[in-house]
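Asker: Before we start, here is the structure in question, set down as structure tokens.
None of the figures in this text is laboratory data; all of them are computed from the coordinates on show. Quick caveat, the model's predicted, so the values are computed rather than measured. Note that each Cβ is placed from the backbone with ideal geometry, even for glycine, and that neighbours are counted across all protein chains shown.
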């Protein structure tokens with residue numbers, strides 16, 4: 001039986017409360033849509049699994065196990081009860097499926113989710129259909145562009161299986177050899193030979209005996225997995241990968257700072273411009289500098305207090321000028337890979353994340369607690385967090401050997417090998 005709609009809705013509710021509800025499960029605004037949360041991390045999401053889609057994927061797993069056959073009692077009951085054929089190829093080619101139990105109906109409803117990824121691993125070549133079925137992890141031959149005329153010729157010559165199209169000549173003991181096109185198609189043109197030859201040559205088959213084996217998916221093993229099927233059902237429509245997302249999740253920030261950086265990358269932090277879009281009115285001036293309208297770019301990038309933090313960062317690491325118009329560029333690309341020392345490079349990447357985090361915390365402290373810190377104290381907090389994070393890692397002794405310039409940076413950060421916990 002498929003999971004009831006209410007169960008799926010409850011799972012989504014639990015996910016959303018965990019992400020947005022706070023420590024006391026207060027009702028708060030969801031900063032991103034559910035669709036955004038279920039996208040893969042490399043495509044701008046959090047990689048959560050959608051319960052409705054997962055429900056379908058689990059049903060396809062049952063169908064795959066049934067097609068594979070075996071002595072399991074439930075498979076025998078299904079085959080007998082619904083008068084199904086016994087072999088995998090016959091089940092796969094069965095067009096009309098009777099209605100039955102809830103779990104049976106669910107597998108039938110989702111049969112296309114698995115059938116379109118099934119293919120034959122060719123051994124003896126006597127089972128797999130050459131034109132109408134996928135084999136060797138390639139699409140069906142009939143779906144390849146400009147193959148329709150060759151398909152008709154093959155049908156007229158009663159050439160059905162993959163074996164019908166190869167020759168038994170022992171030219172190469174390791175690989176099968178295909179019959180020439182003009183051997184079974186009359187008046188084959190040079191264009192036909194080129195198109196067919198290019199496609200068929202990409203489908204090499206080792207010379208092996210035995211029954212063809214039913215496989216699934218794009219992985220080397222050809223075995224059905226929940227992970228691969230879920231990915232196949234969701235990712236084609238979820239946009240292109242962006243390097244910024246990979247860098248955000250790869251950088252060695254604290255988990256909560258990665259989450260905040262992700263929200264910054266999606267432009268979803270609750271600055272006053274976004275709060276006003278939700279119908280609330282209030283003071284929209286930046287509480288850090290009192291001289292500009294608060295939005296994400298101003299608060300984390302253009303504000304005088306923010307500019308001071310970035311200038312101190314640049315001076316500490318003797319870095320080049322950054323892009324002042326884009327905070328996301330500052331987080332993921334500013335000065336990337338410029339340090340020889342791994343420790344200094346790690347400190348650099350951490351500093352950018354701690355900077356935006358501490359600016360956000362200072363902003364919230366002033367609004368919600370009425371407490372303000374001097375910009376210099378905000379910077380000292382960033383340095384303290386960077387230092388503690390570096391010292392908490394296990395560094396090899398040789399990694400502390402740096403150039404004179406980078407040793408000076410470590411000195412400013414009050415970092416040396418003798419301080420490791």
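Asker: How far is helix 342-364 tilted off the main Cα axis of the chain, in degrees rounded to 10, range 0 to 90?
Answerer: 70 degrees
Asker: Give the calculated FRET efficiency between residue 179 and residue 83 to the nearest 0.05, with a Förster radius of 30 Å applied to their Cβ-Cβ distance. Present the calculation step by step, with values, prior to reporting the outcome.
Answerer: Working: r = 39 Å, r/R0 = 1.29.
For R0 = 30 Å, the calculated efficiency reads 0.20.
Asker: For the chain, find the longest principal axis of its Cα atoms and tell me its angle to the long axis of helix 190-201, 0 to 90°, nearest 10.
Answerer: 70 degrees
Asker: Given 0.36 nm per residue, what is the gain on full extension from residue 33 to residue 376 after removing their alpha carbon distance, in nm? All intermediate terms of the calculation are to be shown ahead of the outcome.
Answerer: Working: separation 343, 0.36 × 343 = 123.48 nm, distance 3.71 nm.
Answer, rounded to one decimal: 119.8 nm.
Asker: May I ask you to order 298-305, 36-43 by the average number of other C-beta atoms within 10 Å around their residues, highest value first? Provide the component values of the computation, followed by the final result.
Answerer: Working: 298-305: 20.6, 36-43: 18.5.
Result, highest mean Cβ count within 10 Å first: 298-305, 36-43.
Asker: If you don't mind, another one. With a ≥ b ≥ c taken as the square roots of the eigenvalues of the C-alpha gyration tensor of segment 5-117, please select rounded if a/c is under 1.5 and otherwise prolate if a/b is larger than b/c or oblate if it is not?
Answerer: Working: a/c = 3.60, a/b = 2.55, b/c = 1.41.
Verdict is prolate for segment 5-117.
Asker: For the chain, with a Gaussian network of springs between Cα atoms less than 10 Å apart, report the residue from 314, 177, 186 with the top mean-square fluctuation.
Answerer: Checking each option, the largest mean-square fluctuation is seen for 186.
Asker: Any idea what the relative contact order of segment 119-216 is, in percent, if you count C-alpha pairs under 8 Å spaced at least 6 apart? Spell out each step's value before the answer.
Answerer: Working: 137 pairs, mean separation 39.6, N = 98.
Relative contact order here is 40 percent.
Asker: Tell me, what are the semi-axes, in whole angstrom and largest first, of the equivalent ellipsoid of the chain as set by the roots of 5 times the Cα gyration tensor eigenvalues?
Answerer: Working: eigenvalues 679, 172, 84 Å².
Sorted largest first and rounded, they come to 58, 29, 20 Å.
Asker: In addition: Could you list 101, 389 in order of exposure, starting from the residue whose Cβ has the fewest other Cβ atoms within 10 Å?
Answerer: Numbers: 101 13, 389 17.
Least crowded to most crowded, the residues run 101, 389.
Asker: Quick one: 165, 15, fewest Cβ neighbours within 10 Å first, how do they rank? Walk me through the intermediate numbers first.
Answerer: Values: 165 21, 15 18.
Ascending Cβ contact count within 10 Å gives the list 15, 165.
Asker: Still on this structure, please answer the following. For the chain, set up a GNM with springs between Cα atoms under 10 Å and report which of 132, 201, 164 has the largest fluctuation.
Answerer: 201
Asker: Go ahead and set up a Gaussian network model of the chain, Cα springs under 10 Å, then flag whichever of 358, 187, 143 fluctuates most.
Answerer: Judging by the Gaussian network model, the answer is 187.
Asker: I've got another one for you. Pop the C-beta distance of residue 319 and residue 391 into the FRET formula with R0 = 30 Å and round what comes out to the nearest 0.05.
Answerer: Working: r = 22 Å, r/R0 = 0.75.
Efficiency for this residue pair is about 0.85.
Asker: On to the next question. Please compute the length gained on full extension between residue 311 and residue 5, using 0.36 nm multiplied by the number of residues separating them and subtracting their Cα-Cα distance. Before the final figure, lay out each step's value.
Answerer: Values: separation 306, 0.36 × 306 = 110.16 nm, distance 5.31 nm.
Value of the extension gain: 104.9 nm.
Asker: Grab the beta carbon distance between residue 227 and residue 143, set R0 = 25 Å, and tell me the FRET efficiency rounded to 0.05.
Answerer: Details: r = 26 Å, r/R0 = 1.05.
So, using R0 = 25 Å, E works out to roughly 0.45.
Asker: Pairing the Cα long axis of helix 51-68 with the longest principal axis of the chain, what angle in degrees results, from 0 to 90 and rounded to the nearest 10?
Answerer: 30 degrees
Asker: Can you tell me the relative contact order of the chain? Whole percent, Cα pairs under 8 Å, sequence separation 6 or more. Intermediate results must be reported in sequence, preceding the final value.
Answerer: Working: 456 pairs, mean separation 50.8, N = 421.
After rounding, I find 12 percent.
Asker: Using 0.36 nm times the number of residues separating residue 206 and residue 412, minus their current alpha carbon distance, what extension gain do you get?
Answerer: Length difference between fully extended and current span is 67.8 nm.
Asker: Taking the number of other C-beta atoms within 10 Å as the exposure measure, put 117, 192 in order starting with the fewest. Kindly include the intermediate steps, with their values, before the conclusion.
Answerer: Working: 117 21, 192 18.
So the ranking, lowest neighbour count to highest, is 192, 117.
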